[in-house]
């Protein structure tokens, strides 16, 4: 009897052991199957993202080609040559098919904006002309529709501290309020902490890192400032508020007259501004050194969105075109 019981126990143990091994193998197979499916899905997603990125790159190449060969269309959308809407990329977002996907391209001309990297001169001293222009631009933006986020004067010293090479907090004595900037001591107390760059901005998007710049404030000012160019505003492409910010004397009506005039025919020389109705001699001489009609290097900000099978990818690039050689260089490239 004991032998039978022992044998029965052994057989039962073997059955339990076999069942346990089968269960373990089943778990391993399920895990392997799950991992394999996850890998296959990841590969599929990667392929889609690469296709979307290729669509975005195609859009960037289209923008480069347009900037290289169609500067008249880009700078003067009212030109008779601009009948082809596919080439008039400055008129807004342009969508193009790319194989089984598509891309949407937006190009903005940067030379018509205020360069916030030039609020100080080469010696690090405040550039009062540029600072006053930015302060006026802030005033103009704050006078727009009520209910929008207020832009404080503190943006100006904050930009100076972020872009200069020292760690001394800037104080602008000619600004009555919000006249202090911020250095690394301030940014180290944020969550997450980071250091003050103490170098020029690479993109306007970096403004979001600065003291007092909320996403709402950034959205309000982003279309009027740049980080490229020699600091002179291209009067043939500047937005109305940037034109107004050139001088306290330059009112909205005169800024609109300038815009209406350039739509008919772009300004060929700064001297032509003297013929604009309402332009006084004192106003002309106060702004003539701040503006240009033919920058040596033309800068364009390109955003190219690629789409493929419900997957998107974006490229942000800055192009520099030498107006003499017609060469186009990509001076900034970021995949988003």
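The values are calculated or read from the model by the stated rules, or taken from the named source; none is laboratory data. Just so it is clear, the structure is predicted and the values come from calculations on it, not from any experiment. Here the Cβ positions follow ideal geometry from the backbone for every residue, glycine too, while neighbour counts run over all protein chains shown.
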For residue 248, work out the one condition from (1) more than 14 Å from the chain's Cα centre (by Cα); (2) assigned to a helix (DSSP H, G or I); (3) in contact (Cβ under 8 Å) with a residue 24 or more places away in the chain it doesn't fulfil.
-> (2)
Select from the range 93-146 the residues that are in a loop (DSSP other than H, G, I, E, B) and either modelled with pLDDT of 95 or more or within 24 Å of residue 165 (Cβ to Cβ) (or both) and list them in ascending order.
-> 113, 119, 121, 122, 123, 124, 125, 127
Please indicate, with yes or no, whether at least one residue in the range 178-195 is touching a residue at least 24 places away in the same chain (Cβ under 8 Å), under 19 Å from the mean Cα position of the chain (by Cα) and not in a strand (DSSP E or B).
-> no
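If you check residue 228 against the conditions, is it under 23 Å from the mean Cα position of the chain (by Cα), in a loop (DSSP other than H, G, I, E, B) and in contact (Cβ under 8 Å) with a residue 40 or more places away in the chain?
yes
Yes/no matrix, rows are residues, columns are (1) surrounded by 14 or more Cβ atoms within 10 Å (Cβ to Cβ); (2) in the same structural domain as residue 102 (by TED's automatic domain parsing):
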site	(1), (2)
238	yes, no
245	yes, no
251	no, no
265	no, no
285	no, no
312	yes, yes
So residue 235, is it closer than 27 Å to residue 258 by Cα, modelled with pLDDT of 95 or more and more than 21 Å from the chain's Cα centre (by Cα) | yes
Which numbered condition residue 82 fails, given (1) in the same structural domain as residue 225 (by TED's automatic domain parsing); (2) modelled with pLDDT under 90 | (1)
